[in-house]
Each structure stands twice: as structure tokens, then as C-alpha cells.
Amino acid sequence: MINMNSYLKKNKLKIAPWLFMAPGLFMFITYVIWPIVGSINISFYEWDGLGEKTWIGISNYIELFDDEAFYKSLKNNFIWLILYMLAVPFGLFMALFLNQSVRGIRIYKSMFFFPFVISQVVVGLVFSWFYDPNFGLLNIIIEFFGGTGIAVLADERYVTYGIIAAGLWPQTAYCMILYLTGLNSVDAEQIEAGRLDNAKGWKMLWYIILPQLKPATFIAVVVTVIGALRSFDMVSIMTAGGPWGSSRVLAYYMYEKSFSEYGFRMGYGAAIAVILFLIMMVYITFFLLKMYRDEKANQ
Amino acid sequence: MFPKPIENSNIITQSVYRVALPIVLIIWLLPLIAVALTSVRSGGDLFAGNYWGWPTSFNLLENYTSVFENTPLAKYMWNSFRVTIPTVLGTVALSCMTGFALAVYNFKGNLLIFFMFIAGNFVPFQILMVPVRDLSVQMGVYNSVWALILFHIAFQAGFCTLFMRNFIKALPRELIEAARVEGVSEFQIFWYIVIPLMKPAIAALSVLIFTFIWNDYFWATVLTQGVDSQPITAGLHSLNGQWISQWHLVSAGSIVAALPPVIMFFTMQKHFIAGLTLGAVK
């Protein structure tokens, strides 16, 4: 007993962190790390979620190569990735517009931030009405200017863009708040020096302000990429992937394959998820590398 | 300050700015304003095609009572609270400890575990879907609020650990060193020295996690079905299917669903923004 105690005493700095981490680590491994391994494993099986699993090797992946719907979803994901990025400059310009100290500006800022706080389900519903061909505000506006109305969400050509536009609404608000905070800590002396050198407007923004906003930009890009690749809620609420699967993204297609009226194909769904995961890994690696460099620099 | 403070410019620019501000705000919130207006319209208004004009009558009480009386909206709301509050408590408790361990101790694998938490936080949910659903079924919690609570606590641990670890790392190290010299135990250091200093971080995280979990839709559809366990986001989706063309009810439901996080944001705004940016922009 005495030996045990002195062992604990001597090594308490070695043992303590593991005790503190144990519950969190246990939960995280059970619910996040292990399921990733599990999904990769399931992707090599044919499985309906209940019965026996049948090992089929890489058949699911081979099937993916010939699956039109998979390519359509993949393509839509890339459209999402590219257009969703607009939230970053939009957010920056809104932040610049709001970065003043007139009376009541704080209330204004929080009202502008509203769309980010509400659920994407509500955002999706709101925009479904906005786009409605019979009474939606969008068509009223188009017709007011003499155009002919379009049923955005029922038209294969526009549906994905319509959903992305809706998604940009909360995402822009998110980027705006990141930039507003970034702008708070911009160095006043550098701006003054810039003004003495006659830098104004765009030049000032590009050469003096933006370099200082780099951390905010980095986070804005990261959260926007994640948001684009995770896009599921909006698609599910606004179109359920339709019309004819033309607005599916990988996250939604995977869900549809795994449990829906089209049958419970867990293995195939898992294979789609693995592809999505690999795309995301590119960004995760990029992010971790940057974190690693920052950590090393701080030590 | 950038851009140039507006009070230094001439009176015309100032007035233009003051007028532009509310106009831009109204355009920005137009979809939301429309929903709020629709939620107080009468069914007759909608039938007559008056979707965007001024309502002919304000049926605020009728519509909102009708939503609560004729649909299980209240039940869905209650489920949302039953999921969200335990998740917030659990996540904060776990991440205080993991964050403390990773910030204070130098041990082998520290950075590796830290990066594992960060990476897990960015993973697309879909790769977890099938195994987590399976696990919940096996544990017998599938289709109950516990399925959601347990999963959310575990998943949010990623982001929250990153957040807490960075916060604790920025605290003065001498405090801890001095306590150790005094012979204070590691747990007492955590409980009596570090936790009191973490109050702002705990407040910020709580508000943020509350909003994230309240708004979750994906896991709500994967892990629960039916009125007994589904939170409001999933509930709203199924009500939307039943209420076809009763837009005044759909919009009243949407407003109700949006209210708790909005109130949370308005009352705790300072913490909310601190949360978003502390974890993000260091």
C-alpha cells in the first residue's frame, strides 16, 4: 500500500492527465473514432442494416464508378464548395459596412447576425416560400420587373443554385461576425501610416487591412468548406434531393441510399460516406498542418 | 479603425449611412419578416392570395394557439429542451477536464490526442451515421432522447476541447506552478484554481452549444422518430408535410422553433460572440 501510494505521488503528473481525459476520450472514441473505422469496414459489405453482412470486397466502390446519381451528387458538392465561398467576401463587405460606431449599431449588428442563429430547417422553409412559383416573393419581384416567373426548386437547371443561395444567407452572417471581431483588433497605427502614404479605399483594404485579417479569413474559409461539404439540412428540407435527384449532394445521397424507400443499402451508403470523408480529409490535413506550425511557433 | 469612421465625414455621407442602415437591414431580413407576417395572417388572407401584402387582420393569438392546440408542437419543443440541456451540461463538464489535461500537462501523445479531437470535429457526420445508429440500437437508446444526448456530448467534445484547451493555455501558468509547490493536489488545482477562472469560457461554450444542438436536424432524423422523442427541427419537418398550404401555421411553428436560440443569442450576445471567435480566431 505504501509503495503504491508513493508510486502514485511520484508519478502523479503522469497519471493525472489520463484521469482527466478518460471520460471525454472514452466518449469521443466510442462515438466518433470507432464509427469512422466501422463505416470504412461496412463499405466492403452488402448489408440491409438488420440481417447478415455479406463481404463483397470493393464492389460498392466499383458500382459507384458507374453510378450517374453519384456523379451528379459529387458535381453538386463541388458547385456548393465553390459558390459557398462567396460567403467569405460577402461577409467581409457586410462587416466593413457595419464597422462604424453610430448610435444603435450594436443592435444592428445583432439583427444582421440573426440568420446564423436560427435553424437551417427554418431557413429552408423560409426560402421554399420565397421561391414558390405561385406566390413566392422572388417571382413577384421578377414579374414586377417584367420577367417571367421561374419555379426555382422544381427546375433541374436552377435548383442547386437556389438552395446554395439560401445557404449563403446564414453563412454570410457567420463570416460577417468573424470579420467584425477581426476588424476590432486591426492595428490603428498601421492604418494611420497607410493614410500618410496616401493609401485609400481598395488599396488600404488589400495591402493593410486584409493581411491583418488573415486569422479571420482562415477560419471563415474553414467553416465555409465544412458547411459546404456537410450540406444536408437545406437539401432535405427544400427539395429532398429532387427534382429527379438533381439537387442531391453526397451527404444526402448517402442518407437516401442507407435508409429510405429505395431500400436499406448500408454498405453502399457507407462507401459514399467514405468518399465524402476522403474529400474532407484534404481540408482537415491542411488545417492540422497549420495548427501544428502555430503550435511549434508558440513553444 | 477601418473603414474611416463615418463621424469624420461630411454631413451628407453621414445621413446617407444612417438611412442606408435600416434599409439594408430590412432587405437582409426580408425572408424572415415575411414569415413573421405570414404567421399572423388569417387563413382567408392566404386563400385570397394575400401572401406579401399587409395582413387584413392580425390573428396572432388564434394562429399561435392553434399551432399548440392542434399539433404536438409543444411536445417537440419539450423534447428539444430534454436533449439540449443535458448535452450542454455534459459537454461542458467533459471538455473542461480534457481541455485542462491537454493544456496543463506535457505528456507523450498530448499533441496527437489534441489533433484527434480537432480532426474528429471536422469529420462529415455521414461517415458516423450507420455505426452510431447501430450502436444506439444495441444500447437500447435508439428513438429516445438519450440517443441524441450521448452522441451530441461525444461529438461536441471535439470542438469544446479545442476551445477549452486554448483558453486554459492562455491562463498564467505561474498560478498552477505555485499551487503545486504548496502541495495542492492536481484535482484541487483543477477545481479551485482553474475552474473559477474558466467561467467566461464556460458561459461562451454553453450558449454556443445550446444553439448548435437546438438547431441540429440531421441526427434528429437519424436517431429518433415520432412525437415521443423527436426534437423541434425534425418535428417541424414532419408538420410541414401535414400542413400543406396552411402556411400561417407552418410559419407560426417556424417562429416558435427559432425563438429559444434567438432569445439565447440576444440575452447572452457577448458570450455568444466570444464563443464563436475565441474558439476560432485566437
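In percent, rounded to a whole number, the relative contact order of segment A:69-298 is 27, using alpha-carbon pairs under 8 Å and six or more apart. The mean sequence distance of close C-alpha pairs (under 8 Å, at least 6 residues apart), as a share of the length of chain B, puts its relative contact order at 29 percent. The mean number of partner chain beta-carbon atoms within 10 angstrom of a residue's beta-carbon across peptide B:96-104 is 5.
Using θ = phi - 60° in the Karplus curve 6.51 cos²θ - 1.76 cosθ + 1.60, the 3J(HN,Hα) couplings for segment B:224-229 round to 9, 9, x, 5, 5, 10 Hz; x is entered for Gly and Pro. Mean per-residue shielding of peptide B:107-120 is 5, counting Cβ atoms of other chains within 10 Å of each Cβ. Exposure proxy for A:M85, A:M27: other Cβ atoms within 10 Å of each Cβ, ordered fewest to most, give A:M85, A:M27.
Show me A:244-252, A:286-294 ranked by packing, highest mean number of other Cβ atoms within 10 Å first.
Details: A:244-252: 22.7, A:286-294: 13.6.
Averaged packing, sorted descending, gives the order A:244-252, A:286-294.
Phi angles across segment B:237-243 convert, under the Karplus curve 6.51 cos²θ - 1.76 cosθ + 1.60 with θ = phi - 60°, into 3J(HN,Hα) values of 4, 6, 5, 4, x, 7, 9 Hz, Gly and Pro given as x. Its alpha carbons considered, the protein assembly as shown gives a radius of gyration followed by a Dmax of 25.4, 90 Å. Highest-first packing order for the peptide set A:205-216, B:161-172 is B:161-172, A:205-216, based on the mean count of other beta carbon atoms within 10 Å.
Amide H to amide H distances under 5 Å link A:Y45 with A:I56, where only residues 5 or more positions off or on other chains count and H is placed in the peptide plane.
Along the axis of the charge dipole computed for segment B:107-265 (Cβ charges of +1 for Lys and Arg, -1 for Asp and Glu, origin at the Cα centre), the listed residues B:A234, B:P196, B:H248 are led at the positive end by B:P196.
Mean per-residue shielding of peptide B:24-37 is 4, counting Cβ atoms of other chains within 10 Å of each Cβ. Residue exposure proxy: A:E46, A:E52, ordered by other Cβ atoms within 10 angstrom of their Cβ from fewest to most, comes out as A:E52, A:E46.
Scaled against the 2.2 N^0.38 Å expected of a compact globular protein of N residues, the Cα radius of gyration of chain B reads 1.27. The residues packed around A:A193, meaning those with a beta-carbon under 14 Å from its beta-carbon, carry a net charge of -1 if Lys and Arg are +1 and Asp and Glu are -1.
Each 10 Å bin, from zero up to the one with the longest distance, holds this percent of the alpha carbon pairs of chain A: 5, 19, 25, 23, 16, 9, 3, 1, 0.
Computed from the coordinates by the stated procedures, all read-outs in this text should not be read as laboratory data. All values reported here derive from a predicted model rather than from experimental measurement. Cβ atoms come from the backbone with ideal geometry, glycine included; neighbour counts cover every protein chain shown.
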